[in-house]
Amino acid sequence: MMNKILYTVKEVAEIMHTNTTYVYKLISTGLLPALKLGSFKIRHETLMNFLEQYEGKDLTNPENVTSI
């Protein structure tokens, strides 16, 4: 079975244990780059880079990211 290359917003929310509204907020603030292919899609590599880049940060409010 081939690994997924693209995730939907719902799939990203499930992976991150959050909700779709929060994922849309990350996309709209530019923290999580996405592709618009009818609906938003997030590349696997982009998601992994995002998680690595923001590890140790408080992303509760994506408009005001702080260190924890």
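The values are calculated or read from the model by the stated rules, or taken from the named source; none is laboratory data. Remember, predicted model here, so these are calculated numbers, not experimental data. Quick reminder, even Gly has a Cβ in these numbers, built from the backbone with ideal geometry, and neighbours come from all protein chains shown. Calculation scope for accessible area: heavy atoms of the full protein, side chains included, ligands and nucleic acids excluded. Shrake-Rupley method; radii C 1.70, N 1.55, O 1.52, S 1.80 Å.
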* Asked: In nm, to one decimal, how far is the MET48 label point from the LYS4 one, both placed 7 Å along Cα→Cβ?
  -> 1.5 nm
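Considering only lysines 8 or more places apart in sequence, or on different chains, count the pairs in the chain whose C-alpha atoms sit under 18 Å apart.
Pairs that pass both the separation and distance tests number 8.
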* the chain: relative contact order as a whole-number percent, Cα under 8 Å and 6+ apart -> 29 percent
* For the chain, with all protein chains present and a 1.4 Å probe, just round the carbon and sulfur fraction of the accessible area to a whole percent. => 53 percent
* Asked: For the chain, with every protein chain kept in place, what is the accessible area per residue (1.4 Å probe, Å²)?
  -> 71 Å²
* **Cut-off under 5 Å, modelled amide H: who pairs with THR18 long-range** => none
* Structure fact -> Answer in debye to the nearest 20: the dipole magnitude of the chain about its Cα centre, from +1 Lys/Arg and -1 Asp/Glu charges placed on Cβ, is 300 debye
* To do: Rounded to the nearest 10 degrees, what's the angle between the helix 44-53 long axis and the longest principal axis of the chain, both from Cα atoms, 0 to 90?
  => 10 degrees
* Asked: What is the Cα coordinate range of the chain on the first, second and third principal axes, sorted by size from largest, in whole angstrom?
  -> 38, 23, 18
